[in-house]
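First comes the structure, then the notes that go with it.
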Amino acid sequence: MSKLFLLLFLLPVMSFAQTTDFNQLVDQFFDSYFQFNPTAGTAAGFHQYDTKLEDYSKTAIDQQVAWANDYLKKFGDVEAARLSLEQRQDRELILNNLHAALLEWQNIRSWEKNPDRYSSGITSSAFVIMARKFAPPEQRLRSLIDREKQMPAVFDAGRANLKNPPRVYTEVAIEQMPFIIGFFQHDVPEAFQGVKDAKLLGEFKQSNAAVIAALQKYENYLQHDLLPASHGDYKIGADNYRKKLEYEEMVDIPLDRLLQIGTEDLQRNQQKFKEVSAEIDPKKTPQEILHELEKDHPTAAGLLPAFRNTLKGLRDFIEQHHIVTIPSPVLPIVEETPPFGRALTSASMDTPGPYEKVAKEAFFNVTPPEKSWPKDKIESWLEGFNRGTIISTAVHEAYPGHYVQFLWVPSSPSKTRKLLGAGSNAEGWAHYTEQMMLDEGYGRNPALPENKDIPFLKLRLGQLQDALLRDARFICGIKMHTGQMTLEECTKFFVSDGYQTPAVAEREAKRGTSDPTYLVYTLGKLEIMKLRDDVKAKEGASFNLQKFHDDFLRQGFPPVKMIRETMLGNDSPVL
């Protein structure tokens with residue numbers, strides 16, 4: 001046998017061995033990852049982690065740093081050239097995930113700065129057990145009891161870890177506490193009312209009371225000890241910001257250029273808002289039109305029904321106009337945002353994990369105004385849910401936004417693609433669909449010219465108002481964390497340039513202090529629109545919108561840069 005033939009004979013075997021080794025390493029990585037992150041394991045559908053709780057101590061953080069460095073070496077030693085394109089991309093996803101985790105633990109250090117991490121963290125750990133019926137209630141209650149027994153130690157870790165947090169972080173944590181305590185006092189017991197086992201209920205009563213007591217003690221600590229000592233800085237700085245984008249989104253565009261991109265998009269949307277306002281009523285200013293638009297909103301009691309009433313019509317339009325394939329006919333469940341998520345979000349989508357085999361419920365969470373708010377704040381909050389933005393939000397969260405995308409995730413091509421991704425893909429896709437659906441004619445009266453179709457023009461204003469919200473996030477996120485804008489200046493910017501109500505602006509600005517890269521909405525939308533234009537230019541007359549959307553979604557939710565490489569066969573710029 002010649003040496004050349006022997007080499008050619010061995011190459012496929014070596015490639016198969018390399019592939020097998022790589023897949024085994026991926027399994028080992030996720031097995032160890034979920035040991036550190038059991039709540040994420042439960043959410044993903046791996047229920048062997050249901051009785052475990054995260055260790056929030058500094059010792060555990062040091063262990064995770066060592067673990068991340070170990071797996072950086074293991075994946076770094078994999079010979080990427082011997083892998084398939086998909087596996088090379090998966091390897092890069094995992095390496096970036098590890099770099100991002102190290103950046104968080106060692107540089108950004110939210111475990112040292114953000115007290116809400118502890119109280120909201122345990123609440124999420126309880127919620128994923130009680131929210132979905134993946135097992136009989138008795139079995140889930142046993143798992144919850146095991147988790148609850150470990151929860152008081154979380155607050156010991158929090159008190160030991162927290163050092164001079166930013167005042168706004170402590171204020172947000174305090175704002176959340178009554179809802180979190182009420183969640184354990186009322187919502188958690190109500191979720192297990194069907195359990196009749198007296199011994200089990202007795203154990204639960206004891207463990208749940210201990211959690212409530214620990215939360216009340218923590219609340220007192222936040223108010224009387226931590227708040228007076230909260231003088232820290234929320235800014236992560238330009239270098240950390242740049243690295244965070246590079247690791248999490250695979251975007252290495254300089255920050256000054258990103259600011260230019262965000263500002264240009266803001267100005268385009270402001271100009272479009274003015275043009276659409278003039279078509280509705282040329283005698284009124286855009287601000288007057290916006291004020292009228294904001295007054296057209298449901299009552300607090302009618303907020304959730306208003307969202308529910310949009311879903312079937314959106315789904316029917318998508319199917320009739322061949323926008324994207326919807327893998328399931330089941331509608332998501334519209335409900336109030338869980339208590340631990342209310343301080344910083346107005347709406348969200350909570351989908352079942354990609355490995356969940358039993359509980360398939362998806363929850364479309366909407367945050368109503370709090371009954372304790374004064375009337376003017378309640379009105380301001382509801383103005384943010386005007387009829388136009390209700391449609392835009394329903395598109396974003398459900399059809400064809402987050403809900404449809406995550407219906408595709410279980411059929412993603414690999415374990416890594418099912419479990420890891422990028423915010424600029426997931427949020428970018430959802431934000432992209434808001435404009436795309438109207439561009440494709442949703443809400444249009446075909447009997448009227450577009451500039452005479454007043455209901456449609458109002459929908460367009462709602463979509464543009466949401467686009468301006470995301471543009472303001474883009475600019476504020478960078479400027480707040482690089483010292484170019486204060487929290488107060490950002491709050492005003494959301495009103496003046498982002499066209500938001502004061503109540504929404506206050507919440508959005510606060511969110512930006514702890515979610516620095518919430519520019520991912522506009523960033524991802526612009527990446528997807530450029531990708532679509534580039535694929536269209538490549539395919540010409542054969543381009544099909546539904547095929548483009550299906551091809552995009554079937555890849556999971558990795559950074560758009562990876563999808564460009566797959567769909568275009570090159571490494572061309574994302575923007």
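Residues in the stretch 417-440 that are more than 18 Å from A467 (Cα to Cα) and open to solvent by less than 30 Å² (accessible area, probe 1.4 Å) were compared, and the one that is farthest from the chain's Cα centre (by Cα) is R417.
Which members of the stretch 474-500 meet the condition of being in contact with a Leu (Cβ under 8 Å, 6 or more places away or on another chain), closer than 15 Å to L259 by Cα and among the hydrophobic types (A, V, I, L, M, F, W, C)? Within the stretch 474-500, F474, I475, I478, M480 meet the criteria.
Can you find, within the stretch 319-331, the residue that is farthest from A398 (Cα to Cα) among those that are touching an Asp or Glu at 6+ places or on another chain (Cβ under 9 Å) and in contact (Cβ under 8 Å) with a residue 60 or more places away in the chain? This residue is H321.
Of the residues making up the stretch 169-190, just one is open to solvent by 10 Å² or more (accessible area, probe 1.4 Å), in contact with a Phe, Trp or Tyr (Cβ under 9 Å, 6 or more places away or on another chain) and among the hydrophobic types (A, V, I, L, M, F, W, C), namely F179. Among the residues making up the stretch 248-260, those that are in contact with a helix residue (DSSP H, G or I) (Cβ under 7 Å, 6 or more places away or on another chain) and touching a residue at least 12 places away in the same chain (Cβ under 8 Å) are E248, E249, M250, V251, L255, L258, L259. Residue count for the stretch 511-539, restricted to those that are open to solvent by 40 Å² or more (accessible area, probe 1.4 Å) and more than 14 Å from the chain's Cα centre (by Cα): 9. For the residues T367, T433, the requirement of being free of Cβ contacts under 8 Å to residues at least 40 places away in the same chain and within 30 Å of R88 (Cβ to Cβ) singles out T433. The number of residues in the stretch 495-505 that are open to solvent by 40 Å² or more (accessible area, probe 1.4 Å) and either within 28 Å of N107 (Cβ to Cβ) or touching a residue at least 60 places away in the same chain (Cβ under 8 Å) (or both) comes to 2. Scan the stretch 247-256 and tell me whether some residue there is open to solvent by less than 20 Å² (accessible area, probe 1.4 Å), among the hydroxyl-bearing types (S, T, Y) and within 29 Å of M480 (Cα to Cα). No. Does E92 qualify as being outside any loop (DSSP other than H, G, I, E, B), at pLDDT 95 or above, among the acidic types (D, E) and more than 23 Å from Y247 (Cβ to Cβ)? When the stated conditions are applied, E92 does not pass them. Give the stretch 142-167 a look and list any residue that's in contact with a helix residue (DSSP H, G or I) (Cβ under 6 Å, 6 or more places away or on another chain) and open to solvent by less than 10 Å² (accessible area, probe 1.4 Å), or say none. The answer is L144, I145, R147, E148, M151, V154, F155, G158, N161, P165.
Of all the criteria given as (1) assigned to a helix (DSSP H, G or I); (2) farther than 30 Å from Y241 by Cα; (3) in contact (Cβ under 8 Å) with a residue 12 or more places away in the chain, the one not satisfied by G313 is (3). The C-beta contact set for the stretch 290-306 (first residue acidic (D, E), second residue surrounded by fewer than 17 Cβ atoms within 10 Å (Cβ to Cβ), distance under 9 angstrom, 6+ apart or interchain) comprises E292/D281; E292/K284. Scanning the stretch 79-99 for residues that are touching a residue at least 40 places away in the same chain (Cβ under 8 Å) and either open to solvent by 20 Å² or more (accessible area, probe 1.4 Å) or of a type in the set (S, T, N, Q) (or both) yields a total of 12. If you go through the stretch 273-280 one residue at a time, do you hit one that is closer than 17 Å to Q500 by Cα, modelled with pLDDT under 95 and part of a helix (DSSP H, G or I)? There is no residue in the stretch 273-280 that is closer than 17 Å to Q500 by Cα, modelled with pLDDT under 95 and part of a helix (DSSP H, G or I).
Against the test of being touching a residue at least 24 places away in the same chain (Cβ under 8 Å), open to solvent by 10 Å² or more (accessible area, probe 1.4 Å), basic (K, R) and in a helix (DSSP H, G or I), the options K492, K479 yield a single qualifying residue, K479.
Those residues that are under 17 Å from F317 (Cβ atoms) and either touching a strand residue (DSSP E or B) at 6+ places or on another chain (Cβ under 9 Å) or surrounded by fewer than 22 Cβ atoms within 10 Å (Cβ to Cβ) (or both), I need them from the stretch 394-404; list them, please. Hits for the stretch 394-404 are A394, H396, E397, A398, G401, Y403. Inspect the stretch 170-192 for any residue being in contact with a helix residue (DSSP H, G or I) (Cβ under 8 Å, 6 or more places away or on another chain), farther than 30 Å from I108 by Cβ and among the hydroxyl-bearing types (S, T, Y) and give the result as yes or no. No, the stretch 170-192 has no match at all. Count of the stretch 54-73 residues, restricted to those that are within 18 Å of G121 (Cβ to Cβ) and either outside any helix (DSSP H, G or I) or open to solvent by 30 Å² or more (accessible area, probe 1.4 Å) (or both), is 7.
What are the residues in the stretch 526-575 that are of a type in the set (G, A, S) and closer than 18 Å to H402 by Cα, if any? Result: G556, single match.
The values are calculated or read from the model by the stated rules, or taken from the named source; none is laboratory data. Here the structure is a predicted model, which means the values were calculated and not measured. Backbone-built Cβ (ideal geometry, glycine too); neighbour counts: all protein chains shown. Each accessible area value is taken on the protein alone, full model and side chains, heavy atoms only, with ligands, DNA and RNA left out. Shrake-Rupley method; radii C 1.70, N 1.55, O 1.52, S 1.80 Å.
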